[in-house]
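Taken together, the values in this text are just the output of simple stated rules run on the coordinates, not laboratory data. Quick caveat, the model's predicted, so the values are computed rather than measured. No Cβ is skipped: glycine too gets one built from the backbone with ideal geometry, and neighbour counts run over all protein chains shown.
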Amino acid sequence: MRKTAAKLLTVAALATSLATVASGTALADPASLPAAQDIVGVGSDTTQALLNQFSTDYNATVAGTTAPRLYSWDATGTSPITTKTGATSIARPNGSGAGITALNINTSATVDFARSSRGPAATDPTTDDFIAYAKDAVSWAALGTGGHAPANLTTANLKDIYTCAVTKWNQIDPSLSSATIKPQLPQASSGTRSFFLQAIGGGTAVTPGACVTTGVQENQGSDPVLNDADILVPYSVAHYIGQVYFGKGSGSDVQGPLTIRSVNGIAPVDTVNKVISSSYAATAYGRVVYNVVRHAEWIATDTHGTALRAIFGPTGWICKSGSADIKSYGFLPLPSFACGSATHS
Amino acid sequence: MARSRARLAAAGAAVVLTVTGLSGAAAADAATPSTGSAVITNDATFLAQAALKGILVVPLQPAAPAYDSTTGLTTTFPVTGGAANIPQFYGDVNLGGGLLFVNLANGKSVTFKQLDFHVDTWQINAVPVGGTTPVALLDPAGDNVIGRTGTTQNLSASSLQVDAAGAQYLDAKLGTSFFTEGQSVGSLALTFTQGS
């Protein structure tokens, strides 16, 4: 009996190990150190799993041992990281802002592109090109069962909550609980955070009030802090769809007990087609996701520039062959001619 | 033969007058119109190949053609309305004027009005005179560069290409097999400032 149990434990451990490796293939840091000529990125949490999938699928199409391949480092994990052969060791960039900073303070010997879930900002160098490839949207999530949050909040409600002008649910609607609202925001470098604060401010970023707690990892509803009847937190709609409908979550990167909610009466998810609702995507809460590159390298005719455009360009792999991956992670592909567009601040 | 040419000229003139009248009415309806322009720099190769096939493409007022020895032939379509967020890839930019396509070899022609850049699908649509359903005519393609200066949004596209639906429609109406999906007619520079 004891031997059988031991065998079962061994099998279970082996299965767990294999599953970890299998999911790690698509959803983790590079399995081995990328070569110096490879195209390596850091940054956004929201798009990291999609970029890992791109990496797997694009690299499968690359022939030869010296041709540049695509690799992407997750937003979280051990730090510092050495991104590729010959690179400078850097603190692991967590989020779009940190990724863009890493792009700008390093050379292509260390970082070739930054994943970004926000568009260009006035503070970004004009030498950065934001290469668009998919659409996402941002909404808010709250505890699905037993929570006090309503199904819908308006932009004005969200602004009031995040500026602490409103601190109790029944100030929004007298029929709601009198409990204190616990607004949460992702960490400061998060593109989802900056986009959300700008959207609820009607285009001008809201400064969070003292009642707001900052620091949760974005799009991870599994965080025990979020298992609370009174929290609400911004959430990538695409990431949520990938987690809930397409099994793209793993480990802590799952929706947990949270469910995503409506803004201004518009539901963010088309639950029939399992996509971002088109009416929601066309609001101020719709956004584009990008890979950010250095302009001089983007237009260069050398091997490096050619490799960047072969992956991210209008006729590159993502725009021509990445649509299935984009949809399976909950994002909306851009129209074929718009994909690969370069946006400047 | 001379009678046919006279008929063609008369038909063409009638079409131009009709379209001019329609676009004028549309412009009068806009209370606080958005501003800007869409400038198409025509591809000389496309124009030459079209001319060899007897096909003429005529911009209709208030679209304005111009020639410069450096940039070549350009056509400017004024922005007349719309609401768009080009960097976020949604909305519409309405353009004034129209486009007349004439096949001199057989006298067939088609005129488009209500030009509209539908940002969501990244297509320039237009409504054929006598119809109500827009046809996807052109696609901003190649290297698209998007920017924003203050409240003005900009788009430059290194290639403006014939849409698959547009090629099919034009060939059917003109009785040609000239138009193809992806055929470059030039490049596009769009500026758009949304009205209030």
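When shorter helices are ignored and each DSSP H run of at least 4 residues is given -39500 (n - 2.57), the per-residue value for the protein assembly as shown at 222 nm works out to -8500 deg cm²/dmol. At an R0 of 35 angstrom, the distance between the Cβ atoms of A:THR207 and A:THR107 translates into a FRET efficiency of 0.55.
Taking the Kirkwood radius as Rh and the Cα radius of gyration as Rg, the range A:285-345 has a ratio of Rg/Rh equal to 0.98. Put in line by how crowded their Cβ is, counting other Cβ atoms within 10 Å and starting with the fewest, A:HIS295, A:HIS344 read A:HIS295, A:HIS344.
The range A:170-195 and the range A:31-91 have their alpha-carbon centroids 34 Å apart. Per residue, the average separation of C-alpha pairs within less than 8 Å and at least 6 apart gives chain A a relative contact order of 22 percent.
Remark: the protein assembly as shown carries a charge dipole of roughly 700 debye about the Cα centre, counting +1 on each Lys and Arg Cβ and -1 on each Asp and Glu Cβ.
Which net charge results when you count Lys and Arg as +1 and Asp and Glu as -1 among the other residues whose beta-carbon is under 14 Å from that of B:ALA167? Value of the local net charge: -2.
Among A:GLU218, A:GLU297, the order by Cβ neighbours within 10 angstrom, fewest to most, reads A:GLU297, A:GLU218.
Each residue of the range A:139-155 was assigned a 3J(HN,Hα) from its phi angle through the Karplus curve 6.51 cos²θ - 1.76 cosθ + 1.60 (θ = phi - 60°); the sequence is 10, 10, 10, 8, 4, x, 10, x, x, 9, 6, x, 6, 9, 10, 8, 4 Hz, with glycine and proline shown as x. When the P(r) is computed for the range A:29-188, the part past 28 Å accounts for 39% of the Cα-Cα pairs.
Other protein chain C-beta atoms within 10 Å of residue C-beta, averaged over A:331-343: 6. For the protein assembly as shown, the residue among B:ASN106, A:GLY95, A:ALA238 whose Cα projects farthest onto the positive side of the dipole built from Cβ charges is B:ASN106. Within the range A:146-305, antiparallel bridges make up roughly 40 percent of the DSSP beta bridges whose residues both belong there. Taking 17 Å as the straight-line reach from the Cα of A:LYS168, the aspartates and glutamates in range (excluding those fewer than 8 positions away in the same chain) are A:ASP160, A:ASP228, A:ASP230.
Given 10 °C and 1.306 mPa s, how large is the Stokes-Einstein diffusion coefficient of the range A:190-271 in µm²/s, with Rh as the Kirkwood radius over Cα pairs?
116 µm²/s
Answer rounded, prolate or oblate for the range B:126-196, using the Cα gyration tensor with square roots of eigenvalues a ≥ b ≥ c: rounded when a/c is under 1.5, else prolate when a/b is larger than b/c, else oblate. Taking the square roots of the gyration eigenvalues as a ≥ b ≥ c, the range B:126-196 is oblate. Legend: mean number of C-beta atoms from other chains within 10 angstrom of residue C-beta atoms, peptide B:119-131, equals 2.
Taking a sphere under 12 Å around the Cβ of B:GLU181 and counting the other residues whose Cβ falls inside, with K and R at +1 and D and E at -1, yields a net charge of -3. From most to least packed by mean Cβ count within 10 Å, the peptides A:298-304, A:199-205, B:142-148 give B:142-148, A:199-205, A:298-304. Shielding by partners for peptide B:88-99, expressed as the average number of C-beta atoms from other protein chains within 10 Å of each residue's C-beta, is 3. Placing unit charges on the Cβ atoms of the charged side chains and taking the dipole of the protein assembly as shown about its Cα centre, the candidate lying farthest along the positive direction among A:LEU258, A:VAL40, A:ILE172 is A:LEU258. Taking a ≥ b ≥ c as the square roots of the eigenvalues of the Cα gyration tensor, the range A:144-284 is rounded, since a/c falls below 1.5. Peptide packing for A:280-290, A:77-87 was compared via the average number of neighbouring C-beta atoms within 10 Å per residue; ordered from the highest value, the list is A:280-290, A:77-87. Summing Lys and Arg as +1 and Asp and Glu as -1 over all other residues whose Cβ lies under 15 Å from the Cβ of A:GLY203 gives a net charge of +4. For B:THR132 and A:SER178, what is the calculated FRET efficiency with R₀ set at 51 Å and r taken between the beta-carbons, to the nearest 0.05? Plugging the Cβ-Cβ distance into 1/(1 + (r/R0)^6) gives 0.40.
Beta-bridge orientation, chain A: approximately 70 percent antiparallel, per DSSP, counting only bridges with both partners inside.
Note on B:LYS108: lysines with a C-alpha under 24 Å away, same-chain residues under 8 apart excluded, are B:LYS53, B:LYS173. Seen through its C-alpha gyration tensor, with square-root eigenvalues sorted a ≥ b ≥ c, the protein assembly as shown comes out prolate because a/c lies at 1.5 or above while a/b is bigger than b/c.
Cα centroids of the range B:46-101 and the range A:228-278: 42 Å apart.
Structural descriptor for the range A:128-230: relative contact order 33 percent, calculated from alpha carbon pairs under 8 angstrom and at least 6 residues apart.
Distance between the modelled labels on A:ALA151 and B:THR193, one decimal in nanometres: 4.4 nm (7 Å Cα→Cβ projection).
With the highest mean first, a sort of the peptides B:169-176, A:188-195, B:44-51, A:305-312 on other beta-carbon atoms found within 10 angstrom per residue produces A:188-195, A:305-312, B:169-176, B:44-51.
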